[in-house]
Amino acid sequence: MAKERGSAIIAMALLLCFLLHSETTHAATFKVGDDDGWRFGVSDWPNGKSFKAGDILEFVYSRANHNVAVVDKDGHDSCTVSDNAAVFQTGDDKITLAKGENYFICGFPGHCASGMSLSITAA
């Protein structure tokens, strides 16, 4: 009986390890703009890609010239960063996608209107 209990504990531990590992392998990391990074004209970069909630977008850019603001649809469409928007400025920001629509713009004046904006739907 003790041998059976030990086998069951080992089986449960292995199952738990498998589940934890499989949970973390579902997320993918995407470098926004690929090798060119977060830049002007990046709006079409998501075309042809599939995103899931939990995937990570990595924004790489010159922090002296750009930033990344997480905005809502209105902010995206009007190129406006609200006072409560999360604004990243490190030059290498990793942002996890939420399920549904995710919107990002560069908050520097004129940059969003020049194509530094993204709209990404995560399944």
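All of the numbers you see were taken from the coordinates with simple rules; none came from a lab. For clarity, every value in this text was computed on a predicted model and none was experimentally measured. Neighbour counts run over all protein chains shown; Cβ positions are idealised from the backbone, glycine included.
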Worksheet item: By how many nm would the segment from Ala98 to Ser119 lengthen if fully extended, with 0.36 nm per residue of separation less the alpha-carbon distance?
Response: 6.3 nm
Worksheet item: So which lysines pass the test for Lys73, namely a Cα distance under 26 Å, with those fewer than 8 places away in the same chain ruled out?
Response: Lys31, Lys49, Lys52, Lys94, Lys99
Fill in: Normalised contact order of the stretch 27-122, rounded percent, pairs of Cα under 8 Å and 6 or more residues apart
35
Discussion item. What does the charge count around Ala64 come to, taking other residues whose C-beta lies under 15 Å from its C-beta (Lys +1, Arg +1, Asp -1, Glu -1)?
Written reply: 0
Item to complete: Going by C-beta contacts inside 10 Å, put Arg63, Arg39 in order with the fewest on the left.
Response: Arg63, Arg39
Discussion item. Let me check I've understood the local charge: for Phe88, count other residues with C-beta under 14 angstrom from its C-beta, Lys and Arg +1, Asp and Glu -1. What total comes out?
Written reply: -1
Worksheet item: Nearest 20 debye, what's the magnitude of the dipole of the stretch 27-122 about its Cα centre given +1 on Lys and Arg Cβ and -1 on Asp and Glu Cβ?
Response: 140
Fill in: 10 Å-binned pair-distance histogram of the stretch 27-122 (Cα, whole percent)
18, 56, 25, 0
